[in-house]
Amino acid sequence: MLAKRLIDGLYVEAMVLADEVRAYFDDVGREARDQLAPMDRVVFSCESLKVTTRLMHVVAWLLTQRAVEVGELSADGARDASRRLGDPVETDTTALVRLPEAAQHFVEASIDLHRRVSRVEAGFDDSLPLPSPARQLISRLQQAF
């Protein structure tokens, strides 16, 4: 039960952050980006892609854990390399300081969330919940008929 609450809480946090990031980089951040030097505009655009990538990896991993919880995916299936969180995309901290404060905040928030979910993943490796017995029975019945 604790694992489900943790996953659900992280999922909500990731989705809220993703929405805030989208709003910033698509709307508000455009004006800030346009005021930057040309090379810093490139850094700004690259960092916005990195933030999005981190968040989508986090959301995908959390959805995988939710699928395991409800029995839609086996614990072994969740351990497959294609369903792992993966390594985070690196951010150049020397370039980051030249970006607007709000952009820095979203970059740092996405890095922090990815790190926390990575620690959760490391703890889940040996403790993923077993598949739902009811789903296993339904699957066996479907195979039989």
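The values are calculated or read from the model by the stated rules, or taken from the named source; none is laboratory data. From a predicted model like this one, the values you see are computed outputs, not experimental measurements. Cβ coordinates were reconstructed from backbone atoms using ideal geometry, including for glycine residues, and neighbour counts include every protein chain displayed. Remember, those area values only see protein heavy atoms, side chains included, never the ligands or the DNA or RNA. Shrake-Rupley method; radii C 1.70, N 1.55, O 1.52, S 1.80 Å.
Averaging over all projection directions, find the projected area of the Cα convex hull of the range 16-71 and quote it in nm² with one decimal place.
The number I arrive at for the range 16-71 is 3.9 nm².
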> Long-range amide H contacts for GLY71: which residues qualify at under 5 Å (H placed 1.01 Å from N, peptide plane, sequence gap of 5 or more or a different chain)?
Replying inline: SER132
>> Using each residue's phi in the range 45-56, evaluate 6.51 cos²θ - 1.76 cosθ + 1.60 at θ = phi - 60° and report the 3J(HN,Hα) Karplus result to the nearest Hz, with x for Gly and Pro.
In response: 5, 5, 5, 5, 5, 5, 4, 4, 4, 4, 5, 5
>> Leaving out ligands and nucleic acids, and using a 1.4 Å probe, what accessible area per residue does the range 10-145 come to in Å²?
In response: 61 Å²
> Which of these values of log10 I(q)/I(0) by the Debye sum over Cα atoms at q = 0.11, 0.14, 0.20 Å⁻¹ was calculated from the structure shown: (i) -0.40, -0.67, -1.39; (ii) -0.49, -0.74, -1.30; (iii) -0.51, -0.71, -1.12?
Replying inline: (iii)
>> Return the equivalent ellipsoid semi-axes of the range 31-107 as a descending list in whole Å, where each equals the square root of 5 times an eigenvalue of the C-alpha gyration tensor.
In response: 35, 11, 8
> So, with +1 on the Cβ of K and R and -1 on the Cβ of D and E, and no other charges, what is the size of the charge dipole of the range 52-96 about its Cα centre, to the nearest 20 debye?
Replying inline: 80 debye
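Report, in debye and to the nearest 20, how large the dipole of the range 23-145 comes out about its Cα centre when Lys and Arg carry +1 and Asp and Glu carry -1 on their Cβ.
It comes to approximately 400 debye.
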> Picking from THR91, VAL70, VAL43, whose Cα lies most toward the positive end of the charge dipole for the chain (charges on Cβ: Lys, Arg +1; Asp, Glu -1)?
Replying inline: VAL70
